[in-house]
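Asker: If you scroll down you'll find the structure; I have some questions about it.
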Amino acid sequence: MFQKGFAVYVDAFRGLSKEIWLLSSVMLINRAGTMVLPFLSVYLTQDVGFSLSQAGWIMSCFGGGSILGAYVGGKLVDRIGFYETQFWSLFLSGFIFIALGQVKGFYGLCAMVFLASTVADAFRPANFAAVASYSHSANRTRAVALLRLAINLGWAVGPAVGGMVAIAYGYEWLFWVDGLTCIAAALFFRAALPKRFLETDEEEETETGIFQGKAHHDKRYLFFLLLALLNAIAFMQLFSTLPVYFKQEVLLDEGQIGRLMAMNGLVIALIEMPLIYVLERRFSATQIITLGTFMIGLTYLLFSGLGTAAWVALAAMLMLTFGEILSLPFIATMAMGFTNKRNRGAYMGLFSVTYSLSHVIAPNLGLQLVAWAGFGTLWYVLFAASAIAAGGFWLLRRREQLQIA
């Protein structure tokens, strides 16, 4: 039994191109050096001396830059290609992060934070386009999962090391380390990853089909993005309202909350690849996404139905993690299925903008709703949003089946 399970685990990592492995290595280097963002609000209030309101405006500038960067990045992919867009985004953002640490004024920080997130997030649509080009339909979801594995491992290292650096040497060094690792990732990318486009002249048929017009005219894709946004808003509560709920209602301390959050990344690192490998051979992407999205919604009903015991928080975190595994990688793969090599940048740019919007909407919506009506109301709203999204993904699947018939 153990040997069979181990064989499945090994097989899950087979068949991916060398370029996907190298791209994942770039992501690992980059994310392991991510130290500014996790501590930015603390730096602004504790070190620079801004009020919570001023820090909030600066963080909003980060969200606004993220949206613009995702849009511009998509445009650049169709203009200069995903390779150059990724390289210059990493390389230039490194210098911008270093410069950011030297700025202390409120308006200067607003401008620099906006610029930093714009340049850094131009990387995301280019990265999605690269994954689509360095993989094929049979292993594309696993390629996305490998990048997610690299990102999760990097996130496990970066904030932990960043906290020690801030304590030992001061916050200014966070900007230097973050900037230098961005530059190092860019140089490794240029040296290790060949500059080539791995698509054939004849575009591969996809599950969803190809729309020949512009991305923002593709009604089916826009409907898909709306569903993805609902899914993301529900899931992103993991980083905003859930920690507050665990602290205030479940009465967990910071160490316990941190271990719950770490468990999310650990479970993803251990089982996402083999689980995807097994499931995608038996079910369609939309079937898996529908289940995963519904599981995210069910997570919040656990709090309403089972109360505030610590074991409920553990069970909810596990369910949310499995909902994430069953939805987010497959949603990214499904988005790539709408594209061809001529419009991939525009499509993946809109996809990246969708997730940037979720980062802006989710924490504000969740916390404001809790302040107005309490956690119980939020849980029902999130379940309803997830159920609607799951139903929408199921309708997409039904339409595909009818079209095939």
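Asker: Go ahead and collect, in residue order, the members of region 303-335 whose backbone nitrogen is under 19 Å from a label point 7 Å along the Cα-Cβ direction of Leu222.
Answerer: Backbone N within reach: 335.
Asker: To the nearest 10 square angstrom, how much accessible area does Phe294 have with a 1.4 angstrom probe?
Answerer: 80 Å²
Asker: What does the net charge come to around Trp155 if you take all other residues with beta carbon closer than 11 Å to its beta carbon, with K and R at +1 and D and E at -1?
Answerer: Summing Lys and Arg as +1 and Asp and Glu as -1 gives +2.
Asker: Same structure again: Work out, in µm²/s and without decimals, the Stokes-Einstein translational diffusion coefficient of region 302-342 at 4 °C, 1.567 mPa s, Rh from Kirkwood over C-alpha pairs.
Answerer: Estimated diffusion coefficient is 105 µm²/s.
Asker: Which order do Leu115, Leu395 take by accessible area at a 1.4 Å probe, largest first?
Answerer: From most accessible down to least: Leu395, Leu115.
Asker: Most mobile of Ser89, Ser240, Ser51 per a Gaussian network model of the chain (Cα springs, under 10 Å)?
Answerer: Ser51
Asker: Let me ask something else about it. To the nearest 10 square angstrom, what accessible area does Ser137 show with a 1.4 Å probe?
Answerer: Per-residue accessible area (Ser137): approximately 70 Å².
Asker: On to the next question. Pop out the carbon and sulfur fraction of the accessible area of region 1-115 as a percent, whole number, probe 1.4 Å.
Answerer: Taking all protein chains in place, region 1-115 shows 69 percent carbon and sulfur surface.
Asker: Rounded to the nearest 10 Å², what accessible area does Thr308 show when all protein chains are kept and the probe is 1.4 Å?
Answerer: The value for Thr308 is about 70 Å².
Asker: If you look at just the Cα atoms of region 70-110, how large are its Rg and its Dmax in Å?
Answerer: Final numbers for Rg and Dmax: 13.2, 37 Å.
Asker: In square angstrom, what is the accessible area per residue of the chain with a 1.4 angstrom probe?
Answerer: 45 Å²
Asker: Next question, about the same structure. Could you compute the longest span of the chain free of GluC sites (Glu not before Pro) located in DSSP loops and having at most 16 other Cβ atoms within 10 Å, not counting the site residues?
Answerer: Answer - 1-198.
Asker: In region 317-347, which trypsin sites (Lys or Arg not before Pro) are in a loop and have at most 11 other Cβ atoms within 10 Å, using DSSP for the loop call?
Answerer: Sites meeting the loop and neighbour criteria: Arg342.
Asker: Which order do you get for Asp78, Asp218 if you rank them by accessible area with a 1.4 Å probe, largest at the top?
Answerer: Asp78, Asp218
Asker: Using a 7 Å offset from Cα along Cα-Cβ at Ala373, what residues in region 381-397 end up with backbone N under 16 Å from the label point?
Answerer: Taking a point 7 Å out along Cα→Cβ of Ala373, the residues of region 381-397 whose backbone N falls under 16 Å are 381-388.
Asker: Could you check the spin-label model distance between Ile271 and Phe95? Points 7 Å from the Cα along Cα→Cβ, value in nm.
Answerer: About 4.6 nm separates the two model spin labels.
Asker: Here is a follow-up. When the accessible area of region 303-380 is computed with all protein chains present and a 1.4 Å probe, what percentage of it is carbon and sulfur?
Answerer: The value for region 303-380 is 70 percent carbon and sulfur by accessible area.
Asker: Cα convex hull of region 1-125: how many Å³ per residue?
Answerer: 144 Å³
Asker: Comparing Met27, Met263, Met295, which has the greatest mean-square fluctuation in the GNM of the chain with Cα pairs linked when under 10 Å apart?
Answerer: Met263
Asker: May I ask for the distance between the Cα centers of region 277-347 and region 36-98, given as a whole number of Å?
Answerer: So the two Cα centres are separated by 27 Å.
Asker: Kyte-Doolittle cut-off 0.0, length cut-off 20 Å along the helix's own axis using Cα: show which whole DSSP H helices in the chain pass.
Answerer: For the chain, where a helix must reach 20 Å along its axis and average at least 0.0, the hits are 18-32, 52-80, 82-100, 106-121, 140-169, 172-192, 219-235, 254-279, 285-306, 310-336, 344-373, 375-404.
Asker: Which order do you get for Phe114, Phe128 if you rank them by accessible area with a 1.4 Å probe, largest at the top?
Answerer: Per-residue accessible area, sorted high to low, gives Phe114, Phe128.
Asker: Hey, another quick one. Over the chain, how many pairs of lysines fall under 30 Å by alpha carbon, counting only those 8 or more apart in sequence or from different chains?
Answerer: Lysine pairs, 8 or more places apart or on different chains, close enough: 12.
Asker: Quick check: from the Cα gyration tensor, does the chain come out rounded (a/c under 1.5), prolate or oblate?
Answerer: rounded
Asker: If one computes the Cα centroid of region 127-146 and of region 367-396, what distance in Å separates the two points?
Answerer: Distance between centres, Cα-based: 30 Å.
Asker: What does the charge dipole of region 283-405 about its Cα centre add up to, to the nearest 20 debye, if the Cβ of each Lys and Arg holds +1 and the Cβ of each Asp and Glu holds -1?
Answerer: It comes to approximately 480 debye.
The values are calculated or read from the model by the stated rules, or taken from the named source; none is laboratory data. Just so we're clear, the structure is a prediction, and the values are computed from it rather than from any experiment. Neighbour counts run over all protein chains shown; Cβ positions are idealised from the backbone, glycine included. All accessible areas refer to the heavy atoms of the entire protein, side chains included, with ligands and DNA or RNA removed. Shrake-Rupley method; radii C 1.70, N 1.55, O 1.52, S 1.80 Å.
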